[in-house]
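> Structure below; questions to follow.
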Amino acid sequence: MIIQLDVTIVNVALVQIGNSLDTTIAGLQWVVDAYMLAFATLLMTGGAFGDRSGERRIFVSGFVVFALSSAVCGLARSGTEVVASACHSGSRGGAHRPEPVIQRYVRAPSGSERRGWPCRCSRARG
């Protein structure tokens, strides 16, 4: 959720970023592309890192580094700094994102206990 919010904020603020940093349209496009490319690249490997190192550890470290690199992105003084910090923020977001899904799957009940989980709507059917 935080990652989607961050992407939305960046997209809404692109005009202001371009004006305050005197960046071209191509530079602004690189901000979004660097973030999404790094995010997509580490999305699958973030799950593998979580399997090896522990989901909670990767989730917490990914969230902390994601927040710090997002703050650095907000304090950047040039378009190049924004692109570099957006790339770093996207990489941490990609490593952070799969962990809540993995944690939910691991804690899910199995077999007959799973019927109607997480909502008990299957009981209404009989």
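> Ranking Glu55, Glu81 by Cβ neighbours within 10 Å, fewest first, what do you get?
Glu81, Glu55
> How large is log10 I(q)/I(0) at q = 0.28 Å⁻¹ when the Debye formula is applied to the Cα atoms of the stretch 36-79, each weighted equally and without solvent?
-1.00
> For Ala86, what is the net charge nearby, where nearby means another residue's Cβ is under 15 Å from its Cβ and Lys, Arg count +1, Asp, Glu -1?
-1
> Whole-Hz ³J(HN,Hα) for each residue in the stretch 90-96, computed from phi via Karplus 6.51 cos²θ - 1.76 cosθ + 1.60 with θ = phi - 60°, x for glycine and proline: what do you get?
Result, ordered by residue: x, 5, 6, x, x, 6, 7 Hz.
> To continue, here is another question. If contacts are Cα pairs under 8 angstrom and at least 6 residues apart, what is the relative contact order of the stretch 1-93 in percent?
This gives 38 percent for the stretch 1-93.
> Using the Cβ atoms and a cut-off under 13 Å, what net charge is assigned to the surroundings of Gly74, where Lys and Arg are +1 and Asp and Glu are -1?
Charge balance in the 13 Å sphere: -1.
Values in this text are rule-based calculations from the coordinates and carry no lab data. Model, not experiment: these values are computed from the prediction. Counting neighbours? That spans all protein chains shown, and the Cβs are built from the backbone with ideal geometry, glycine included.
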